[in-house]
Amino acid sequence: MGPILLAFALAVLAWLLVVGDLVRRHRPAWHWYVVGYPVTAWRVLFTWRRVALLNDLSVSRLPARTLVGHLIVKGDPVRPVAPRASFPRATRMGLSVTVRLHAGQTPMTYMKAAEALVHAWRVHAVRVTSPERGLVLLTAMASDPLQRPGLATAPPELLSALIGALESGGAWVMNLRLVPHWLITGATRSGKSTLLARLITQLATQPVALVGIDCKGGMELGLFARRLTALAACRREAVAILSALVVDMQDRMSACRAAGVRSIWELPDKVRPIPVVVIVDEIAELYLSDGTRESKAEAEQCSTLLLRLGQLGAALGLHLVVAGQRVGSDLGPGVTALRAQLGGRICHRVNDPGTAEMTLGDLNKDAVAVAQTITAEERGVAVCTGPDGGWSRARSHLTSAEEAVSTARKYSGMTPELPALDRALAALEGDDK
């Protein structure tokens with residue numbers, strides 16, 4: 001019986017290993033709840049005190065009546081007290097722990113210890129946030145949820161684009177009705193252009209006008225020209241298009257005032273102006289000047305016109321999506337003023353801390369620190385803000401240029417005409433002749 005029982009036990013063990021591997025690969029969430037979470041939770045509880053001690057998270061306290069003058073009365077050693085932590089709560093493919101801070105501690109101390117927690121708990125990453133004063137929330141992820149982001153679903157809605165997946169596993173959606181204007185930053189090959197291609201692909205199927213401003217000769221946005229109502233390939237053309245949009249904005253104001261409403265969305269469908277999304281690729285090209293009077297005048301005009309659209313366009317169906325490799329105050333005060341109007345923020349890997357600070361610093365300092373940890377291998381990964389004011393790491397769905405161009409060509413028949421833009425471009429061509 002002994003050999004038979006041993007063989008049976010080995011067969012059962014082998015079967016469990018095979019089934020466990022299949023579940024881990026095809027149903028990772030099931031495997032996490034059944035196996036991964038209990039093991040990781042035990043590891044968190046077992047290592048917490050020691051990790052807190054080694055990473056300066058503990059506070060030393062002397063027992064009462066330890067010293068009298070310069071004499072040690074009781075020889076008790078100094079007692080390090082670890083912060084009070086909650087029992088680990090399971091999340092999808094991770095867990096979270098709430099920690100109550102000692103007096104004088106800040107969340108930054110825990111952000112510095114995040115890498116030590118990763119190794120102690122044997123997880124992919126630990127994010128540190130502060131939901132309220134005196135508390136920090138440690139969110140551990142068993143694996144990288146952005147390594148293979150699944151195609152999440154989102155309800156179809158006008159001016160809403162499904163961009164990718166959030167680190168929490170939810171859908172990453174840019175909803176221009178909720179957050180009308182966006183700032184996108186990212187270094188070369190960080191995923192910024194792919195994100196813009198994804199955005200255009202999503203908006204191309206909707207009854208909206210897409211206006212492109214690409215002062216690099218139209219190299220990027222020119223690929224989607226068939227679906228663009230207008231495209232500016234230089235700053236002179238950008239001034240003409242932006243001026244025409246400001247005129248159109250004033251016409252929309254008049255229509256709303258005549259109807260006694262405060263927004264075009266309160267107008268009847270038959271008379272409502274079509275929404276316009278202005279996509280600016282490489283914002284620095286609009287603000288930089290070569291020192292000549294004409295160049296300075298154009299830069300100032302672009303700055304003023306963009307600011308007016310940002311300040312007044314939201315209720316009138318005029319939306320800005322501004323992208324650039326770097327955004328800094330050295331481009332002029334107009335950039336800082338425009339940034340204040342761009343409530344949505346997306347920061348990919350950037351080349352300098354100043355751009356990350358300019359993108360996210362006025363919203364959340366923790367988001368700035370996380371954005372600067374994005375590596376060159378994490379193309380498409382970004383820190384984005386949400387309509388609730390929070391932030392998250394996210395990854396855009398890979399959208400090739402061929403796919404985006406094909407979509408733009410397929411829906412070219414939906415490209416609306418804006419008379420004000422047509423007149424502005426026609427006048428510009430007449431001046432050139």
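The values are calculated or read from the model by the stated rules, or taken from the named source; none is laboratory data. These numbers were taken from a predicted model, which means no experiment stands behind them. Because the Cβ atoms are built from the backbone with ideal geometry, glycine has one as well, and the counts that use them run over all protein chains shown.
Before moving on, here are some points about what is shown:
- Qualifying residue in region 165-173 (condition: at pLDDT below 90, assigned by TED's automatic domain parsing to the domain that holds ALA382, over 30 Å from ALA90 (Cα atoms) and not aromatic (Phe, Trp, Tyr)): no
- Some residue of region 246-254 being at positive phi, of a type in the set (Asp, Glu) and either surrounded by 13 or more Cβ atoms within 10 Å (Cβ to Cβ) or in contact (Cβ under 8 Å) with a residue 12 or more places away in the chain (or both): no
- Sole exception among (1) modelled with pLDDT of 90 or more; (2) farther than 26 Å from ALA240 by Cβ for LEU309, by number: (2)
- Qualifying residue in region 202-218 (condition: under 17 Å from ALA314 (Cα atoms), modelled with pLDDT of 90 or more, of a type in the set (Gly, Ala, Ser) and surrounded by fewer than 20 Cβ atoms within 10 Å (Cβ to Cβ)): no
- If only residues of region 245-269 that are part of a loop (DSSP other than H, G, I, E, B) and at pLDDT 90 or above are counted, the one that is nearest to LEU318 (Cα to Cα) is SER263.
- Residues in region 131-154 that are crowded, with 17+ Cβ neighbours inside 10 Å and at pLDDT below 85: 5 in all.
- Taking (1) at pLDDT below 90; (2) surrounded by fewer than 17 Cβ atoms within 10 Å (Cβ to Cβ); (3) outside any loop (DSSP other than H, G, I, E, B); (4) not acidic (Asp, Glu) in turn, TRP42 satisfies each apart from (1).
- Residue in region 261-276 that is closer than 29 Å to ALA165 by Cα, in contact (Cβ under 8 Å) with a residue 12 or more places away in the chain, among the basic types (Lys, Arg) and surrounded by fewer than 16 Cβ atoms within 10 Å (Cβ to Cβ) present: no
- Hey, ARG92 in the same structural domain as HIS124 (by TED's automatic domain parsing) and at pLDDT 85 or above or not: no
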